[in-house]
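Some notes on the structure that comes next.
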């Protein structure tokens with residue numbers, strides 16, 4: 001089973017570019033240092049609220065997520081990001097169903 005995280009960030013207005021740079025640094029580090037991560041790492045920006053960002057990531061286990069989030073490298077980089085943000089929400093999700101794409105019909 002895959003596990004997903006969904007991190008939501010509300011960035012102080014005017015700090016979006018700094019946030020994107022710090023987030024990119026964290027994710028580049030994560031691609032090298034975080035075993036158990038699966039697939040690409042997208043960052044989405046809300047069109048209605050441009051200082052809100054979302055990052056979904058697939059993982060092979062909750063243990064891998066915990067190891068990543070508690071690592072010193074993650075914590076150091078997260079500290080650089082959090083001072084740019086009003087709030088952050090981190091969720092761990094499990095899939096419950098999946099509909100086929102329209103191409104599969």
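Of note:
- Residue under evaluation residue 64, criteria (1) touching a strand residue (DSSP E or B) at 6+ places or on another chain (Cβ under 8 Å); (2) assigned to a helix (DSSP H, G or I); (3) closer than 17 Å to residue 23 by Cβ, criterion not met: (3)
Rundown of residues vs (1) within 15 Å of residue 11 (Cβ to Cβ); (2) loosely packed, with under 12 Cβ neighbours inside 10 Å, yes/no style:
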| position | (1), (2) |
| --- | --- |
| 40 | no, yes |
| 46 | yes, no |
| 57 | no, no |
| 64 | no, no |
| 70 | no, yes |
| 73 | no, no |
| 78 | yes, no |
| 82 | yes, no |
| 93 | no, no |
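- Residues (surrounded by 12 or more Cβ atoms within 10 Å (Cβ to Cβ) and in a loop (DSSP other than H, G, I, E, B)) located in segment 1-15: 2, 12, 15
- Inter-residue pairs, beta-carbon under 7 Å, first assigned to a loop (DSSP other than H, G, I, E, B) and in segment 76-105, second surrounded by 12 or more Cβ atoms within 10 Å (Cβ to Cβ), 6+ apart: 84/11; 84/12; 84/15; 84/18; 84/19; 84/22; 94/3; 95/2
- Count of segment 60-79 residues which are touching a helix residue (DSSP H, G or I) at 6+ places or on another chain (Cβ under 8 Å) and modelled with pLDDT under 95: 0
- Residues of segment 21-37 that are assigned to a helix (DSSP H, G or I) and loosely packed, with under 15 Cβ neighbours inside 10 Å: 21, 24, 25, 28, 31, 32, 33.
- Test for residue 18: is it surrounded by 11 or more Cβ atoms within 10 Å (Cβ to Cβ) and more than 21 Å from residue 83 (Cα to Cα): no
The values are calculated or read from the model by the stated rules, or taken from the named source; none is laboratory data. Predicted model only: the values in this text are computed from it and were never measured. Backbone-built Cβ (ideal geometry, glycine too); neighbour counts: all protein chains shown.
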